[in-house]
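Trainee: Below is the structure I would like to discuss, written out as structure tokens.
The values are calculated or read from the model by the stated rules, or taken from the named source; none is laboratory data. A quick note: this is a predicted structure, and the numbers were derived from the prediction, not measured. Neighbour counts are summed over all protein chains in view; Cβ atoms, including those assigned to glycine, are modelled from backbone coordinates with ideal geometry.
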Amino acid sequence: MGVARRCGVVLVVLGGLLAVSVPLYLVPGHSCDGGWGCIVTTSSPQGVLAGYALARPRWLELYWALALLVWGGVVLWWYRRAGRLGRAVPAVAVAVLLAALAAGLTAADWPGFRTSSAVVESAKLACFNGATPLLVSAVALLVLAAAERSVALLLFAVGYGALGYVVATYDAFYLLYRLGLLGIADLSHDPWGVRQLAGIAVAAGVLLAVGAGTLRVSLVMRRGRA
């Protein structure tokens, strides 16, 4: 079993778990009435998807605790079947350790660092927030890329990690505004309650598309060698 096939399954399973979580990011619809309700945090190095901003933080924590077990179990089983279990263990272990760290810091209500440096303030992202699954999985994929010695997976993991950081620190509607896809008056309007899930849905789509594409390429190469 080749690297592409092994990694493709890892990405598809992760993307599927992320896609299933999308409904948990739905919030009550909101339309700006010109008052205080129109104020929106467009960006923050400490995160825009913190627990207090989520509609269902406890459900998300529970879901991702179970999803981590599912993802780790599937990855270890898949790599054991391929005879490469040792390459998957470090990635799964890192994901579990980072998740445990996030849970511990959140339980301790760690305030993070208050400095003028956005990079240092981003340490607050180590606490559980809506983008924690993206950040944790990005680090796990970097570790897996190193174990697999895969440049392609390494480049993807770096790009995916950057996407995770953007989702964690920038409001989705603000990004659409910066891309010219929304007017400034639309920044505060969210009648469908999809502001928080937009970035998560994009990340899930990227994982599923790249994972499925990788498996497709792997299948074509196998047929070509047959």
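Trainee: Filter the stretch 87-106 down to the residues that are surrounded by fewer than 15 Cβ atoms within 10 Å (Cβ to Cβ) and either among the polar types (S, T, N, Q) or in contact (Cβ under 8 Å) with a residue 40 or more places away in the chain (or both) and list them by number.
Mentor: Answer for the stretch 87-106, where residues must be surrounded by fewer than 15 Cβ atoms within 10 Å (Cβ to Cβ) and either among the polar types (S, T, N, Q) or in contact (Cβ under 8 Å) with a residue 40 or more places away in the chain (or both): just 90.
Trainee: Name the single residue, out of those in the stretch 12-30 being surrounded by 19 or more Cβ atoms within 10 Å (Cβ to Cβ) and of a type outside the set (A, V, I, L, M, F, W, C), that is farthest from the chain's Cα centre (by Cα).
Mentor: The qualifying residue farthest from the chain's Cα centre (by Cα) is 25.
Trainee: Filter the stretch 121-143 for residues that are within 15 Å of residue 105 (Cβ to Cβ), part of a helix (DSSP H, G or I) and of a type outside the set (Val, Ile, Thr) and give the result.
Mentor: 121, 122, 123, 124, 125, 126, 135
Trainee: Examine the stretch 206-216 for a residue that is within 25 Å of residue 46 (Cβ to Cβ), assigned to a loop (DSSP other than H, G, I, E, B) and of a type in the set (A, V, I, L, M, F, W, C), and state whether such a residue exists.
Mentor: no
Trainee: Would it be correct to say that residue 75 is over 16 Å from the mean Cα position of the chain (by Cα) and either within 21 Å of residue 7 (Cα to Cα) or at pLDDT below 90 (or both)?
Mentor: Values: over 16 Å from the mean Cα position of the chain (by Cα): yes; either within 21 Å of residue 7 (Cα to Cα) or at pLDDT below 90 (or both): yes.
The answer is yes for residue 75.
Trainee: Just checking, which of 170, 160 is within 22 Å of residue 41 (Cα to Cα), out of contact with any Cys (no Cβ under 7 Å at 6 or more places or on another chain) and hydroxyl-bearing (Ser, Thr, Tyr)?
Mentor: Going through 170, 160 in turn, just one is within 22 Å of residue 41 (Cα to Cα), out of contact with any Cys (no Cβ under 7 Å at 6 or more places or on another chain) and hydroxyl-bearing (Ser, Thr, Tyr): 170.
Trainee: I'm told residue 82 meets every condition in (1) modelled with pLDDT under 95; (2) of a type in the set (Gly, Ala, Ser); (3) surrounded by fewer than 18 Cβ atoms within 10 Å (Cβ to Cβ); (4) closer than 27 Å to residue 197 by Cβ except one. Can you identify the failing condition by its number?
Mentor: All conditions pass for residue 82, except number (4).
Trainee: So, one more: Might you let me know whether the stretch 123-146 holds any residue that is closer than 19 Å to residue 67 by Cα and among the hydroxyl-bearing types (Ser, Thr, Tyr)?
Mentor: So far as the stretch 123-146 goes, yes, one or more of its residues are closer than 19 Å to residue 67 by Cα and among the hydroxyl-bearing types (Ser, Thr, Tyr).
Trainee: Of all residues in the stretch 144-196 being part of a helix (DSSP H, G or I), of a type in the set (Ser, Thr, Tyr) and modelled with pLDDT under 90, which is nearest to residue 52 (Cα to Cα)? Step through it out loud before you land on a result.
Mentor: Taking the stretch 144-196 first, the residues part of a helix (DSSP H, G or I) are 144-148, 151-169, 172-178, 184-186.
Still in the running and of a type in the set (Ser, Thr, Tyr): 160, 165, 169, 174, 177.
Then keep just the ones that are modelled with pLDDT under 90; that gives 174, 177.
Working: 174: 20, 177: 24 Å.
Only one residue fits best here, namely 174.
Trainee: Condition (residue is touching a residue at least 40 places away in the same chain (Cβ under 8 Å) and in contact with a strand residue (DSSP E or B) (Cβ under 7 Å, 6 or more places away or on another chain)) applied to the stretch 178-190: is it met by at least one residue?
Mentor: yes
Trainee: Looking at 187, 179, can you tell me which residue is closer than 23 Å to residue 45 by Cβ and surrounded by fewer than 16 Cβ atoms within 10 Å (Cβ to Cβ)? Before the answer, list the steps.
Mentor: On the way: 187 fails: surrounded by fewer than 16 Cβ atoms within 10 Å (Cβ to Cβ).
Of the residues listed, the single one that is closer than 23 Å to residue 45 by Cβ and surrounded by fewer than 16 Cβ atoms within 10 Å (Cβ to Cβ) is 179.
Trainee: In the stretch 191-205, which residues are surrounded by fewer than 21 Cβ atoms within 10 Å (Cβ to Cβ) and farther than 14 Å from residue 20 by Cα?
Mentor: 191, 192, 193, 194
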